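Below is one structure, written out as structure tokens; comments come after it.
The values are calculated or read from the model by the stated rules, or taken from the named source; none is laboratory data. Nothing here was measured: the structure is a model prediction, and the numbers come from that model. All Cβ positions, even for glycine, are placed from backbone atoms using ideal geometry, and neighbour counts span all protein chains on display. Side chains included, ligands, DNA and RNA excluded: accessible areas come from the protein's heavy atoms. Shrake-Rupley method; radii C 1.70, N 1.55, O 1.52, S 1.80 Å.
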Amino acid sequence: MMLHVWNFSPGSPSMSTMRAPLVLLVDDDPQSLKLLSDALAGQPFALAVALDGEMVLRQVRREAPDLVLLDALMPDMDGFEVCRRLQADPATRDIPIIFMTSLSDTASRVRGLELGAVDYVTKPFVRAELAARVRAQVAVRAGARALAEKNAELERAAAELARARDSLEAEVVRRTDELMATNQRLAHLNRVAAMTELATSIAHELNQPLAAILSNAQAARRLLQRSPPDVSEALLALGDIVEDDRRAGTIIQRMRAMLKKGAPRADALDLNELAREVARLVGNDALLRGATLRLDLGPRLPRVRGDGIQLQQVLLNLVVNGLDAVADRPAGGRLVVVRTRSDGKDRVSLSVEDAGKGIAQEDLERIFEAFFTTKAEGLGVGLAISRSIVEAHGGRLWAENNPGEGATFRCTLPIAEEGGV
Ligand SMILES: Nc1ncnc2c1ncn2[C@@H]1O[C@H](COP(=O)(O)OP(=O)(O)OP(=O)(O)O)[C@@H](O)[C@H]1O
Ligand SMILES: [Mg+2]
């Protein structure tokens, strides 16, 4: 049996939005229960009653009262046992309990408090005192509840925030992957497009050596069929064949390197190290040409991200062009300088300056077109390939005439981000 006596007073504004607090009165004597509910009538909380321990345990689970006013001495299950069980269950542990003991029974009072009761009242009770103690505990309980609710709300908000952050991070990762994949596709398409544009010229370029090879081969056959065979002339024709074959081979090799599929390497590279390596590679050649290759390498040069072999190819092309450009200069004036510098921000520059004849103003851009060459033995693809490599690295490559004599080829590259792989 559970009896609800709704003594709800609208006086307290904080109660108006929630259900009124519920106080469970427990006593085995119905007479005492009646006295208790009379004493607590008119207070801002609802009352429920229970007559024995078993009933308390059942009702507490169902009704979740905000306070239990518990008689210590009951037959069967006494108040202490009820209290112990409520305390042992996490679901009911937080419900405050006020013990009711007889005036003379100090031991019970102490025991109740030890078991976790928040307060006690003595029987027979003074109405005003009882009401005040119950009110105080109900107010404490309401405060604790509000706090717990706020806490749960905060936890929910924090969890939501964490979820939002996680999904944002996942989205960023997904978009970055997508962009990188697109970038790689674009880089490849770029190269393919550039190559398609060149295809006609390539066919033409290859046609020349192939036609020469054919006519030289026919000539050699004729020369060898003579009696006696003209071996020395045939050898000359074969020598030309070898030369033309090499030329065709070089063209094909370079195209293949450019068309190579797949992402270029992305290592963190030290351009100073790269410059030293190139200097080692062409050192001998420069010496034979009576030219000087000087390195002017900037301090604390940040690394750039890229493909070392490709960037080495770029620098090699520029240096060889520089050496070609100073070939006509008098000995002592054949100087080529490789310079590296950091802009102190996010770029590194690499330049090759020569003391040659410079470049006609109208050719400053044309020299980057494929097969543009002014050299008898030139293919005219060095600068075209170099520019496409530099641009694939997110950089720029251009030519300028020096204020004095000669030209400077400048290349800027973005530095590798710190912490990157
Ligand atoms: N440092 C320079 N000074 C003056 N002219 C230059 C310089 N570098 C390049 N050029 C001009 O640009 C042209 C194209 O250069 P590029 O390197 O593309 O081809 P190439 O040197 O002629 O042949 P290769 O394909 O063997 O490199 C050269 O033929 C030359 O006329
Ligand atoms: Mg060249």
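Between LYS345, LYS375, which is more than 19 Å from GLU277 (Cα to Cα), near ligand 1 (Cβ under 7 Å from one of its atoms) and open to solvent by 50 Å² or more (accessible area, probe 1.4 Å)? It would help to see each step written out before you state the result.
Values: LYS345 fails: near ligand 1 (Cβ under 7 Å from one of its atoms).
Going through LYS345, LYS375 in turn, just one is more than 19 Å from GLU277 (Cα to Cα), near ligand 1 (Cβ under 7 Å from one of its atoms) and open to solvent by 50 Å² or more (accessible area, probe 1.4 Å): LYS375.
None of LEU295, LEU316, LEU350 is of a type in the set (A, V, I, L, M, F, W, C), within 21 Å of LEU364 (Cβ to Cβ) and in contact (Cβ under 8 Å) with a residue 24 or more places away in the chain except LEU350.
Kindly indicate whether any position in segment 89-97 is more than 23 Å from GLY143 (Cα to Cα) and either assigned by TED's automatic domain parsing to the domain that holds TYR120 or in contact with a strand residue (DSSP E or B) (Cβ under 8 Å, 6 or more places away or on another chain) (or both). Explain how you work it out, then say what you get.
Taking segment 89-97 first, the residues more than 23 Å from GLY143 (Cα to Cα) are none.
Among the residues of segment 89-97, not one is more than 23 Å from GLY143 (Cα to Cα) and either assigned by TED's automatic domain parsing to the domain that holds TYR120 or in contact with a strand residue (DSSP E or B) (Cβ under 8 Å, 6 or more places away or on another chain) (or both), which makes the answer no.
Where residues in segment 286-300 are crowded, with 19+ Cβ neighbours inside 10 Å and at pLDDT 95 or above, which of them is nearest to LEU350 (Cα to Cα)?
Taking segment 286-300 first, the residues crowded, with 19+ Cβ neighbours inside 10 Å are 286, 291, 293.
Then drop every residue that is not at pLDDT 95 or above, which leaves 291, 293.
Working: ALA291: 20, LEU293: 15 Å.
Residue satisfying both the conditions and the ranking: LEU293.
Just a yes or no: is a residue in segment 358-367 over 16 Å from ASN317 (Cα atoms), acidic (Asp, Glu) and within 15 Å of ligand 2 (Cβ to nearest atom)? Scanning segment 358-367 turns up at least one residue that is over 16 Å from ASN317 (Cα atoms), acidic (Asp, Glu) and within 15 Å of ligand 2 (Cβ to nearest atom).
Just one of the listed residues (ARG276, ARG300, ARG294) is within 16 Å of ligand 1 (Cβ to nearest atom), out of contact with any Gly (no Cβ under 8 Å at 6 or more places or on another chain) and basic (Lys, Arg), and it is ARG294. Determine, yes or no, whether ALA376 is without any contact (Cβ under 8 Å) to a residue 12 or more places away in the chain and within 16 Å of ligand 2 (Cβ to nearest atom). Judged against the criteria, ALA376 is a match. Scanning segment 302-340 for residues that are of a type outside the set (Gly, Ala, Ser), within 11 Å of PHE409 (Cβ to Cβ) and within 15 Å of ligand 2 (Cβ to nearest atom) turns up VAL314, LEU315, ASN317, LEU318, VAL319, ASN321, VAL336. ASP328 meets the conditions (1) within 12 Å of ligand 1 (Cβ to nearest atom); (2) within 24 Å of GLY283 (Cα to Cα); (3) crowded, with 17+ Cβ neighbours inside 10 Å in every case but one. The failed one is (3). For segment 380-402, a tally of residues being within 15 Å of ligand 2 (Cβ to nearest atom) and either over 29 Å from the mean Cα position of the chain (by Cα) or of a type outside the set (Val, Ile, Thr) (or both) returns 11. Taking the criterion of being in contact with a strand residue (DSSP E or B) (Cβ under 7 Å, 6 or more places away or on another chain) and in a strand (DSSP E or B), would at least one residue in segment 74-88 satisfy it? No, segment 74-88 has no match at all. ASP177 passes every criterion in (1) free of Cβ contacts under 8 Å to residues at least 40 places away in the same chain; (2) under 13 Å from LEU67 (Cβ atoms) apart from (2).
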